[in-house]
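Here's the structure we're looking at; comments come further down.
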Amino acid sequence: MPEPLNSVGIVEPQIAEFDSPLQLTSSGVLNQYSLAYETYGELNANRSNALLICHALSSDHHAAGFHSKTDKSAGWWDLLIGPGKPIDTNRFFVVCSNNLGGCSGSTGPASINPSTGQPYGPDFPIVTVADWVESQARLSDYLGIEQWAAVIGGSLGGMQVLQWSTTYPNRLKHAIVIASAAKLTAQNIGFNDVARQAIRTDPDFHNGDYYKHNTRPARGLRVARMLGHITYLSDDLMANKFGRSLRQKAKFDYEFSPEFEVESYLRYQGDQFIDRFDANTYLLMTKALDYFDPAADYEGRLGKALANATADFLVVSFSSDWRFSTERSREIVRALQSNKLNVSYAEIESPHGHDSFLLEIDHYTQVMHAYINRIAGECLGANS
């Protein structure tokens, strides 16, 4: 297929191997592991132009460009990453890695456990946001990057940005947190548990050992994705896009097959998802979301939890995002301001719900352009 304008073009995923044991928050240990990652743009001579992208729950390291000329779609953040785009690869060296526990090349449940010669399956240890940041710091060392010009992420990726800012405050100059939260609400934890139960009660789950049975809990994963997808959209968007329209019919047939357009759409999304994602990885990613709460060790005081941070921040939220509401972003902003940090905040009007952070929205694009231009001016100087 022809490359769209301002694309980074064909990109080649890379694998970094690590033999030094990684002690996990859950008390588990990975004695050796791999991280899949992609890079876009060129690292400058003084290594001052590196940006780290942290991905959300169902994404991976393929953030921009194409893997082949026959790819039908680009990386998940291609709208923002590329020559002349807000995350401008003519100026920055951009890195995105697949989180540990993932299913796109990094060590995860479907990987072979060197101790047994079989897939890890349910024996893969629980991983947390803090563990991902530790592994990303080791990847930074592997790439020879002492300090990131910025660490950027949306949703679960934004949680990683917050963790970076406190665990390694001197290793990033700027932190960009988009459509995220410092912890999940009880409602969000509830949604995640229903999704996990859909997977774990699938007869093909086999307690997570479905690889040995040459099957997969496709039905459960499909339902989990359908549920999740509903929460990523706003009520207004779903009303405008689908309303109560029927699918290729004028009246009800009074049956349980999909009759409404929205039913058909959600089933399509579920079917697409099960072809590319691993159920055990979905369980791990949602638990990492649930566990994240940096203020838990500080009597719930987020300001105290973020007291270590030194980076300048951009926090972005979207008006119709009820999964990670604007109030959650304002909570982060207040905590950062209590530490007298430099914070910019943008609340973007959008009807698209939580998925807004993945979309091309004029005000959002302008805000990102402006802030990253500022980063370029600071980190690249005359070369920006």
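The values are calculated or read from the model by the stated rules, or taken from the named source; none is laboratory data. Keep in mind it's a predicted model, so treat the numbers as computed, not measured. Glycine also receives a Cβ, built like all others from the backbone with ideal geometry; neighbour counts cover every protein chain displayed. To get the accessible areas, we keep the full protein, side chains included, count just its heavy atoms, and leave off ligands, DNA and RNA. Shrake-Rupley method; radii C 1.70, N 1.55, O 1.52, S 1.80 Å.
If you go through region 97-112, how many residues are part of a loop (DSSP other than H, G, I, E, B) and more than 20 Å from the chain's Cα centre (by Cα)?
1
What pairs come out if I take residues in region 71-88 that are among the basic types (Lys, Arg) and pair them with residues that are assigned to a loop (DSSP other than H, G, I, E, B) whose C-beta lies under 9 Å away, six or more apart or interchain?
Pairs found: Lys72/Met1; Lys85/Asn6; Lys85/Ala64; Lys85/Asp78; Lys85/Leu79.
Looking at Ile15, is it hydrophobic (A, V, I, L, M, F, W, C), modelled with pLDDT of 95 or more and open to solvent by 20 Å² or more (accessible area, probe 1.4 Å)? Outline the logic, then answer.
On the way: hydrophobic (A, V, I, L, M, F, W, C): yes; modelled with pLDDT of 95 or more: yes; open to solvent by 20 Å² or more (accessible area, probe 1.4 Å): yes.
Answer is yes for this residue.
State which residue is surrounded by the fewest Cβ atoms within 10 Å (Cβ to Cβ) when the search covers only region 40-72 and only residues that are small (Gly, Ala, Ser) and touching a strand residue (DSSP E or B) at 6+ places or on another chain (Cβ under 8 Å).
Checking each candidate, the answer is Ser68.
Name the single residue that is nearest to Ile178 (Cα to Cα) among those in region 332-344 being polar (S, T, N, Q) and surrounded by 14 or more Cβ atoms within 10 Å (Cβ to Cβ).
Within region 332-344, the subset polar (S, T, N, Q) is 337-339, 342, 344.
Pick out the ones that are also surrounded by 14 or more Cβ atoms within 10 Å (Cβ to Cβ) and you get 337-339, 344.
Values: Gln337: 17, Ser338: 20, Asn339: 20, Ser344: 12 Å.
Here the residue is Ser344.
Return yes or no: is Ser115 closer than 26 Å to Ala309 by Cβ and either in a helix (DSSP H, G or I) or not aromatic (Phe, Trp, Tyr) (or both)? Full working, then the answer.
On the way: closer than 26 Å to Ala309 by Cβ: no; either in a helix (DSSP H, G or I) or not aromatic (Phe, Trp, Tyr) (or both): yes.
No; evaluated as a whole, the condition is false for this residue.
For region 345-378: of the residues being surrounded by fewer than 16 Cβ atoms within 10 Å (Cβ to Cβ) and of a type in the set (Gly, Ala, Ser), which is farthest from Val316 (Cα to Cα)?
Looking at residues that are surrounded by fewer than 16 Cβ atoms within 10 Å (Cβ to Cβ) and of a type in the set (Gly, Ala, Ser), I get Gly377.
Just for region 164-220: of the residues that are aliphatic (A, V, I, L, M), crowded, with 20+ Cβ neighbours inside 10 Å and more than 30 Å from Thr310 (Cα to Cα), which one is nearest to the chain's Cα centre (by Cα)?
Result: Ala195.
Do the conditions hold for Ser106, that is, is it closer than 23 Å to Gln163 by Cα, surrounded by 15 or more Cβ atoms within 10 Å (Cβ to Cβ) and either in contact with a His (Cβ under 7 Å, 6 or more places away or on another chain) or free of Cβ contacts under 8 Å to residues at least 60 places away in the same chain (or both)? Let's see the steps before the verdict.
Values: closer than 23 Å to Gln163 by Cα: yes; surrounded by 15 or more Cβ atoms within 10 Å (Cβ to Cβ): yes; either in contact with a His (Cβ under 7 Å, 6 or more places away or on another chain) or free of Cβ contacts under 8 Å to residues at least 60 places away in the same chain (or both): no.
So Ser106 fails the test.
Evaluate region 344-353: report whether one residue or more is under 27 Å from Met238 (Cβ atoms), out of contact with any strand residue (DSSP E or B) (no Cβ under 6 Å at 6 or more places or on another chain) and part of a helix (DSSP H, G or I). If you could, list the steps in order and put the result at the bottom.
Within region 344-353, the subset under 27 Å from Met238 (Cβ atoms) is 346-353.
Still in the running and out of contact with any strand residue (DSSP E or B) (no Cβ under 6 Å at 6 or more places or on another chain): 349, 351-353.
Subset that is part of a helix (DSSP H, G or I): 353.
Checking region 344-353: at least one residue is under 27 Å from Met238 (Cβ atoms), out of contact with any strand residue (DSSP E or B) (no Cβ under 6 Å at 6 or more places or on another chain) and part of a helix (DSSP H, G or I).
May I ask you to list pairs of residues, at least six apart or on different chains, whose Cβ atoms are under 9 Å apart, with the first in region 46-61 being modelled with pLDDT under 95 and the second being part of a loop (DSSP other than H, G, I, E, B) and polar (S, T, N, Q)?
Note: no pairs meet the criteria.
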